[in-house]
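Taken together, the values in this text are just the output of simple stated rules run on the coordinates, not laboratory data. Computed from a prediction, not measured in an experiment: that's the story for all the values here. Note that each Cβ is placed from the backbone with ideal geometry, even for glycine, and that neighbours are counted across all protein chains shown.
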Amino acid sequence: MIAYDMDTDPPHREVQPNFYGYIKSGRHQRGRTFLLMTMINTLHNLSRSLGYAILTVVDLNLAVVFLFGEVGAYLVYKLARRDFYWWLRVEGILSIVTSILERTVTKVITDFTGCTHFRHPYELGGTAYSASMLWAQIMPFVALSFYEGDNKEQLQTLMLSSFGLWLVLNGLFFASIERSFVR
């Protein structure tokens, strides 16, 4: 809802036309795009939640290692790009603490919601956002490789179905937005 509201908001489109405006202006087109975004994000959340649920069942410590590993890799990525400090700067050690907190919260929210607003360069950025979306679909299969329960085949079928539907919906989403924003 955040991404939809901000993208369709005229002042946002006016101030940052290269970022906002991917949702077409027609009433029916907006409704279709909103529905696609909702369905894609629901499947995204299902994948991430199922992946972490499986890891937690296997070993809670493994789930914690995955979480800290993902966030840690993202923070290292931001440091390597010299994009670690949050755009709202404060002075001294508080700047580092604020940046760690903001970057971590944004990463976790994006990982579990798929909110397209966080592709903004001030947030995750396009590359990290895209990697996060792909990893959300791969991660449950990695988690399933650790799982030895009786219903492993049913979980795999659910995850494959969810992934297939996610791919189809993303294709429809990219077909429904303004072509100049596909990049």
Inset, instruction - Work out, step by step, the length gained on full extension between Gln154 and Ser180: first 0.36 nm times the residue separation, then minus their alpha carbon distance; give nm to one decimal. - result: 5.3 nm
Legend entry - Footprinting exposure proxy for Ser162, Ser180, Ser49 (fewest neighbouring C-beta atoms within 10 Å first): Ser180, Ser49, Ser162
Legend entry - Values of log10 I(q)/I(0), in the order q = 0.11, 0.12, 0.19 Å⁻¹, for the chain under a Debye, Cα-only, solvent-free model: -0.56, -0.66, -1.28
Inset, instruction - Counting helices only, and only those DSSP H runs with n ≥ 4, report the 222 nm mean residue ellipticity of the chain as the sum of -39,500 (n - 2.57) divided by its residues, in deg cm²/dmol to the nearest 500. - result: -25000 deg cm²/dmol
Inset, instruction - Straight distance only, please: which lysines reach the Cα of Lys107 with their own Cα at less than 19 Å, same-chain residues fewer than 8 apart left out? - result: Lys78
Legend entry - Cβ charges +1 (Lys, Arg) and -1 (Asp, Glu), total dipole of the stretch 62-155, debye: 420
